[in-house]
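What follows is a single structure, written as structure tokens, with notes after it.
The values are calculated or read from the model by the stated rules, or taken from the named source; none is laboratory data. Note that this is a predicted model, so its numbers are computed, not measured. Neighbour counts run over all protein chains shown; Cβ positions are idealised from the backbone, glycine included. Note: accessible area is taken over every heavy atom of the protein model, side chains too, but ligands, DNA and RNA are not part of it. Shrake-Rupley method; radii C 1.70, N 1.55, O 1.52, S 1.80 Å.
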Amino acid sequence: MMQTGESLTALAEIVDTAALQVKATDQLSLNHSFTEKDAYEIQRISIDRRFERGEKLIGLKLGFTSYAKMEQMGVHDMIWGRLTDTMLFENGSTVDLSRFIHPRIEPEICFRISKTADREISRDEVLEYIDAIAPAMEIIDSRYQNFKFSLEDVIADNCSSAGLVVGEWQTPPEVLEDLKMTMSFDDEVVESGSSDDILGDPYLSVVNAIRLGLKYNEPLKAGHILMAGAATPAVFMKPETLVRTTVQNLGTVEVKS
Ligand code: OOG
Ligand code: MG
């Protein structure tokens, strides 16, 4: 059954409060029925609450752009969420794990958007819309118990987004295929994959994020960043650990806990 505006607001408050109080909540879908469209509306309302508290939109993220992630989480459709300024950690900085419920970290690629697209674009046009690219990691922290959710649940929860760290910006190469990506904890490799694991070509993340942003009235704009989605499964963070991701040809990015 379609939820009314008022009850979508109540559901948005549940996920926002869980994030604020750093306390896991039941999956919304256990007690409420709502559609994917409703889920994006819940996400929008919950992120609006952050904006009201002063946070600023810095860009968008995609999720489930790799089979590794889809399999790990049992969810099989691409999703998108919003990134705000308070989620951004400086490369090499220390992250306070007490800010999160049960944080996981995953290796990604980040794009800087240089031109606002007012229509869908093709793969061949991507380089006209970005001016920089960087190795990156996303910290995800589902607001749901045991990191378990349906597709609708995770969309409502802003796709688990909780933090991100971006390495040095590079000039975008013509092709991004077949670049080795590894993530290590204190120099021990914990996950490795290839840039190809992201949609077969991470530049397709730009095509898809522009399409989805237009569809949901949250267009990617010049100056925004875009997280492409993880190439490998995410790994639970541990205290006192240096986490580093290396993307072949693009360099490294790291964060300490
Ligand atoms: C959802 C977020 C997925 C990605 O990069 O695929 C995601 C989750 O795994 O909790 O960010
Ligand atoms: Mg991610």
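If I take all pairs of Cα atoms in the stretch 52-111, what percentage of them are more than 18 Å from each other? Across the stretch 52-111, Cα pairs with separations above 18 Å total 50 percent.
Computed from point charges on the beta carbon alone (+1 for Lys and Arg, -1 for Asp and Glu), the dipole magnitude for the chain about its Cα centre is near 520 Debye. The distance between label points at residue 52 and residue 178 comes to 5.2 nm (points 7 Å beyond Cα on the Cα→Cβ vector). Taking the protein heavy atoms of the chain in the context of the full set of protein chains, the accessible area attributed to carbon and sulfur is 47 percent at 1.4 Å. In a simple Cβ point-charge model (Lys, Arg +1; Asp, Glu -1; nothing else charged), the stretch 38-83 has a dipole of about 260 debye relative to its Cα centre. In a DSSP loop and with at most 15 other Cβ atoms within 10 Å, the trypsin sites (Lys or Arg not before Pro) in the stretch 174-257 are 221.
Taking a ≥ b ≥ c as the square roots of the eigenvalues of the alpha-carbon gyration tensor, the stretch 1-102 is classed oblate because a/c is 1.5 or more while a/b is no larger than b/c.
Once all protein chains are placed together, residue 144 keeps about 0 Å² accessible to a 1.4 angstrom probe.
In this simple spin-label approximation, residue 240 and residue 132 carry label points 7 Å from Cα along the Cα→Cβ vector, and these lie 3.5 nm apart. Measuring between alpha carbons in the structure, the pairs from 23/215; 69/115; 148/221; 37/115; 56/221; 56/215 lying more than 24 angstrom apart are 23/215; 69/115; 148/221; 37/115.
Which of rounded, prolate or oblate describes the stretch 141-257 when judged by the alpha-carbon gyration tensor and an a/c cut-off of 1.5? Oblate shape, in that a/c is at least 1.5 and b/c is the bigger or equal ratio.
Over the stretch 1-87, accessible surface divided per residue gives 49 Å², non-protein components excluded, 1.4 Å probe. Remark: the Cα gyration tensor places the chain in the oblate category, a/c being 1.5 or greater and a/b not exceeding b/c.
Restrict the search to the stretch 153-257; then list the GluC sites (Glu not before Pro) that DSSP places in a loop and that have at most 10 other Cβ atoms within 10 Å of their Cβ. Those that pass, being in a loop and sparsely packed, are 174, 240.
Probing with 1.4 Å while keeping every protein chain in the model, the per residue accessible area of the stretch 217-257 equals 41 Å².
Within the stretch 230-254, which residues have the backbone N less than 15 Å from the label spot 7 Å out from residue 192 along Cα→beta-carbon, could you tell me? Only 232-233, 244-249 pass the distance filter. May I ask you to list the lysines whose Cα is less than 16 Å away from that of residue 256, ignoring any residue fewer than eight positions away on the same chain? Residue 256 reaches 238.
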